[in-house]
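The values are calculated or read from the model by the stated rules, or taken from the named source; none is laboratory data. Everything numeric in this text was worked out from a predicted model, so none of it was measured. We place every Cβ from the backbone using ideal geometry, glycine too, and count neighbours over all the protein chains shown.
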Amino acid sequence: MQATDICRNGALSCARVHVCGSQTVGMQLALKDAFCGAAGGSEGRGTGRVKFVDLFCGCGGASSGAVDAGYEVVLAVDVCEYALSVHRVNHVGCVHICTTLPPSEPLPLPADGCVWHLHGSPPCTRVSKAYQQRDSAERQNALAIIEWYTRFAVFSSATSWSMEQVATPVVIECLQQLSKCLARTRFDYEVIDLMDIGVPQHRKRVIAGSPDVVSRVRRLARWRQSVKDVIPFPRATHLRTYMMNSNPKPDPTGNKKWVYKRYSDDEACKPITDPAPTVVARHFFRWAFPNTDSKLVLFSVGEMASLQTFPHGYFFGDKKRKAMRCIGNALPPLAMQQILSGRKPSRQRTQKRSVLADPASPSYDRRLHATFKK
Ligand SMILES: C[S@@+](CC[C@H](N)C(=O)[O-])C[C@H]1O[C@@H](n2cnc3c(N)ncnc32)[C@H](O)[C@@H]1O
């Protein structure tokens with residue numbers, strides 16, 4: 001099947017094939033045929049691999065992990081044109097749909113009888129720790145999308161499904177409520193710090209999904225990697241985070257709502273022999289030598305991508321800020337690969353990822369490296 005793009009939002013220009021109104025039905029049938037074959041066989045296009053559908057696909061962290069686990073990514077949906085174009089470059093042969101979820105028209109999902117996995121990472125910014133004290137209407141919208149996706153997955157014909165979210169109290173409470181009304185045979189969840197399954201950064205997440213997927217998450221081998229393990233050519237002994245303030249705590253005097261402790265520059269430095277703080281969408285880390293007045297140097301896109309365990313050569317486009325947003329939002333491929341396969345990757349594969357930060361690698365940000373050398 002040719003790579004097919006569908007744009008359901010007239011304002012966007014990402015489509016190679018525009019589908020609207022009744023045309024969608026025809027497209028849906030055509031895609032179902034492609035997924036399941038004329039006879040409706042479960043192995044689809046004869047690749048023998050289980051199909052993977054990625055909703056809120058972003059630049060493809062989850063999809064990339066699925067490929068590593070031996071799945072075939074067949075459908076990717078996101079509202080962000082840039083993220084979807086990054087996904088498209090790295091996952092050719094997959095159907096890309098640029099639209100807002102929940103969709104106004106049915107999605108071209110694999111037909112009943114196919115063996116397929118559904119994954120979704122609904123947007124988490126508005127339910128994150130940093131945001132949840134602010135706009136409650138926005139937070140309710142974000143929770144509504146999480147609830148929509150969960151119900152959609154539970155009632156879909158997917159053989160198995162998963163969802164990744166930040167593990168904040170509002171999200172956990174939402175999942176607890178859902179667990180009261182959804183069948184245990186179809187819904188479960190577990191909180192895990194992805195650092196404990198080899199991702200070289202603190203990244204506490206909740207993984208919800210079908211019970212087979214969640215029990216696999218619980219059984220995963222625990223192992224750790226440091227920054228140094230994935231960036232073989234580090235440019236300093238420490239990294240400095242954008243976090244200049246500690247986590248806010250309620251003010252016991254009641255004078256202020258929240259109290260912050262301001263970090264000194266050196267307190268914000270973390271040794272690269274440890275896992276990094278959480279990679280987020282808006283901020284690059286900086287290379288640093290604490291207790292010296294040496295210049296701070298920004299991490300390159302490739303180095304940030306290494307901390308998110310993207311494979312060598314993954315292309316993030318030419319817009320650095322947008323690329324960083326995609327990287328920070330992603331589910332680390334290494335985590336998705338283990339969630340789907342239940343296995344730690346071979347040493348060879350882990351080493352392959354590390355090459356990304358090699359200054360000789362094409363993905364390395366040469367301009368920044370040159371700045372550093374000056
Ligand atoms: C957490 S990120 C997904 C990361 C992705 N799973 C990965 O591993 O790279 C959430 C994504 O949802 C997209 N998004 C936000 N709201 C959306 C909506 N209503 N419909 C579709 N996509 C949406 C954003 O553009 C963003 O790419």
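When only residues in the stretch 299-333 that are of a type in the set (Phe, Trp, Tyr) and closer than 18 Å to Gln201 by Cα count, which is nearest to the ligand (Cβ to nearest atom)? Explain how you work it out, then say what you get.
So the first thing to find is which residues in the stretch 299-333 are of a type in the set (Phe, Trp, Tyr), and the list is 299, 310, 314-316.
Checking which are closer than 18 Å to Gln201 by Cα leaves us with 299, 310.
Values: Phe299: 18, Phe310: 9 Å.
So, considering only residues that are of a type in the set (Phe, Trp, Tyr) and closer than 18 Å to Gln201 by Cα, the one nearest to the ligand (Cβ to nearest atom) is Phe310.
Determine the pairs where a residue that is under 27 Å from Pro106 (Cα atoms) and without any contact (Cβ under 8 Å) to a residue 24 or more places away in the chain, located within the stretch 157-180, has a partner that is of a type in the set (Phe, Trp, Tyr) and outside any loop (DSSP other than H, G, I, E, B) with Cβ atoms under 9 Å apart, the partner being 6 or more residues away or on another chain.
Cβ pairs passing all conditions: Ser179/Tyr189.
Can you tell me which residue in the stretch 52-80 is nearest to the chain's Cα centre (by Cα), limited to those that are among the charged types (D, E, K, R) and more than 9 Å from the ligand (Cβ to nearest atom)?
To start, the set of residues in the stretch 52-80 that are among the charged types (D, E, K, R) comprises 54, 68, 72, 78.
Now drop any that are not more than 9 Å from the ligand (Cβ to nearest atom), which leaves 68, 72.
Details: Asp68: 14, Glu72: 17 Å.
Selected residue: Asp68.
In the same structural domain as Gln177 (by TED's automatic domain parsing), assigned to a loop (DSSP other than H, G, I, E, B) and within 13 Å of the ligand (Cβ to nearest atom): is that true of Pro122 in this structure?
Considered against the rule, which asks whether it is in the same structural domain as Gln177 (by TED's automatic domain parsing), assigned to a loop (DSSP other than H, G, I, E, B) and within 13 Å of the ligand (Cβ to nearest atom), Pro122 comes out as yes.
Can you pull out every residue in the stretch 125-167 that is among the polar types (S, T, N, Q) and within 15 Å of the ligand (Cβ to nearest atom)? Please lay out each step first, then the result.
The first filter runs over the stretch 125-167 and keeps only residues among the polar types (S, T, N, Q), leaving 125, 128, 132-133, 136, 140-141, 150, 156-157, 159-160, 162, 165.
Once the filter is applied, which keeps residues that are among the polar types (S, T, N, Q) and within 15 Å of the ligand (Cβ to nearest atom), the stretch 125-167 yields Thr125, Ser128, Gln140, Asn141, Thr150, Ser162, Gln165.
Going by the conditions given, is Ala281 hydrophobic (A, V, I, L, M, F, W, C), surrounded by fewer than 20 Cβ atoms within 10 Å (Cβ to Cβ) and farther than 13 Å from Val230 by Cβ? Write out each step before concluding.
Numbers: hydrophobic (A, V, I, L, M, F, W, C): yes; surrounded by fewer than 20 Cβ atoms within 10 Å (Cβ to Cβ): yes; farther than 13 Å from Val230 by Cβ: yes.
Yes: the conditions hold for Ala281.
Determine if the stretch 278-288 includes at least one residue that is at pLDDT below 90, of a type in the set (Ser, Thr, Tyr) and more than 24 Å from Phe52 (Cβ to Cβ).
Within the stretch 278-288, the first condition is being at pLDDT below 90, and the residues that meet it are 282-283.
Going one step further and asking which of them are of a type in the set (Ser, Thr, Tyr), we end up with none.
No.
Across the stretch 83-118, what is the total count of residues that are among the charged types (D, E, K, R) and either under 18 Å from Gly70 (Cα atoms) or modelled with pLDDT of 95 or more (or both)? Step through it out loud before you land on a result.
The first filter runs over the stretch 83-118 and keeps only residues among the charged types (D, E, K, R), leaving 88, 105, 112.
Next, only the ones that are either under 18 Å from Gly70 (Cα atoms) or modelled with pLDDT of 95 or more (or both) stay: 88.
Residues in the stretch 83-118 being among the charged types (D, E, K, R) and either under 18 Å from Gly70 (Cα atoms) or modelled with pLDDT of 95 or more (or both): 1 in total.
Is it the case that the stretch 81-93 has a residue that's in contact with a Ser or Thr (Cβ under 9 Å, 6 or more places away or on another chain) and either surrounded by fewer than 18 Cβ atoms within 10 Å (Cβ to Cβ) or of a type in the set (A, V, I, L, M) (or both)? Let's see the steps before the verdict.
As a first pass, look at the stretch 81-93 and keep what is in contact with a Ser or Thr (Cβ under 9 Å, 6 or more places away or on another chain): 81, 87, 90-91.
Then keep just the ones that are either surrounded by fewer than 18 Cβ atoms within 10 Å (Cβ to Cβ) or of a type in the set (A, V, I, L, M) (or both); that gives 81.
Looking through the stretch 81-93, at least one residue is in contact with a Ser or Thr (Cβ under 9 Å, 6 or more places away or on another chain) and either surrounded by fewer than 18 Cβ atoms within 10 Å (Cβ to Cβ) or of a type in the set (A, V, I, L, M) (or both).
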